[in-house]
1. Only one of (1) of a type in the set (Val, Ile, Thr); (2) more than 30 Å from residue 153 (Cβ to Cβ); (3) exposed (fewer than 15 other Cβ atoms within 10 Å of the Cβ); (4) at pLDDT below 80 is not met by residue 34, so which one is it?
2. Please tell me if residue 166 is over 30 Å from residue 212 (Cβ atoms) and either surrounded by fewer than 17 Cβ atoms within 10 Å (Cβ to Cβ) or in contact with a strand residue (DSSP E or B) (Cβ under 8 Å, 6 or more places away or on another chain) (or both).
3. Please find, among 230, 210, the residue that is under 30 Å from residue 7 (Cβ atoms) and either part of a helix (DSSP H, G or I) or without any contact (Cβ under 8 Å) to a residue 60 or more places away in the chain (or both).
4. Which ones in the stretch 126-163 are buried (at least 20 other Cβ atoms within 10 Å of the Cβ) and β-branched (Val, Ile, Thr)?
5. Would you pick out the residues in the stretch 188-207 that are part of a helix (DSSP H, G or I), among the hydroxyl-bearing types (Ser, Thr, Tyr) and exposed (fewer than 15 other Cβ atoms within 10 Å of the Cβ)?
6. Residues in the stretch 166-178: is at least one among the hydrophobic types (A, V, I, L, M, F, W, C), outside any loop (DSSP other than H, G, I, E, B), modelled with pLDDT of 85 or more and in contact with a Leu (Cβ under 9 Å, 6 or more places away or on another chain)?
7. Scan (1) part of a helix (DSSP H, G or I); (2) at pLDDT 90 or above; (3) not aromatic (Phe, Trp, Tyr) for the single condition residue 185 breaks and write down its number.
Amino acid sequence: MEGDCLSCMKYLMFIFNFFIFLGGSFLLGVGVWVLVDPMGFRDIVAVNPLLFTGVYVILAMGVMLFLLGFLGCCGAIRENKCLLLFFFMLILFIFLAELAAAILAFLFREHLTREYFSRELRRHYQGRNNTDVFTSTWNVIMSTFDCCGVSGPEDFEDSLFRLLNPTKMVPESCCQRSGYLGEAGVEQCVSGSMAFRHNKGCYSAMVEYFQTYIYSAGALAIIVLAVELFAMVFAMCLFRGVQ
């Protein structure tokens, strides 16, 4: 009976890790495909520093899942105690890293206020400088969420942006879709016309957006943690059961 249970656990663990291996291979393939640049796609992504950073995140996740799935499959099917132990330690490291991130987010939650982001925006945002990560990230946020500043366009008063661009009231990222406005509309927007710009702050826009998905994200986080715990238990049981 114990042998049948061990055999069932072994094949379940193999199947589970085989899907992880396939997922890691897919992410790795996508990341390499973008970096190899088969059809000029790399140039499109490189225009946005945030997206280009995302390619490396996808690559890192692909490598991690590829390695995790490979170790789990080989360790389970070959009943190799060394590979199973390595698999267990890798899962444990990922689990502890996620736990540490959650604890840090809880401890520093007071810093993630509207006032904090407004102060940082005034101090560091430059406008159209795509070489500055802070500036380019905010440009992406304002364009994506159709918003302007943290609380609103007033965040750019007495700011570094106004110091560098004294003729502009708001950056072009605050304007409504430039393709619809044309150059004249953009000029009126940056000059302060409320009719051509987004007047909602990004803090409120992002809170509303994430509230829509908060329950899905929470459920997904719980599922991931549960899967990791079961994976560690399966690996350790199989490790102890292998003679």
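The values are calculated or read from the model by the stated rules, or taken from the named source; none is laboratory data. Everything quoted here is computed from the prediction, not taken from an experiment. In this analysis, Cβ positions are derived from the backbone assuming ideal geometry, glycine residues included, and neighbour counts consider all displayed protein chains.
1. The one condition residue 34 does not meet is (3).
2. Working: over 30 Å from residue 212 (Cβ atoms): yes; either surrounded by fewer than 17 Cβ atoms within 10 Å (Cβ to Cβ) or in contact with a strand residue (DSSP E or B) (Cβ under 8 Å, 6 or more places away or on another chain) (or both): yes.
It is true that residue 166 is over 30 Å from residue 212 (Cβ atoms) and either surrounded by fewer than 17 Cβ atoms within 10 Å (Cβ to Cβ) or in contact with a strand residue (DSSP E or B) (Cβ under 8 Å, 6 or more places away or on another chain) (or both).
3. Just a single option satisfies the conditions, and that option is 230.
4. Listed by number, the residues that qualify are 135, 150.
5. none
6. yes
7. Among (1) part of a helix (DSSP H, G or I); (2) at pLDDT 90 or above; (3) not aromatic (Phe, Trp, Tyr), residue 185 violates only (2).
Let's see how each residue does on (1) assigned by TED's automatic domain parsing to the domain that holds residue 231; (2) under 30 Å from residue 7 (Cα atoms):
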| residue | (1), (2) |
| --- | --- |
| 81 | yes, yes |
| 95 | yes, yes |
| 100 | yes, no |
| 124 | no, no |
| 135 | no, no |
| 146 | no, no |
| 153 | no, no |
| 160 | no, no |
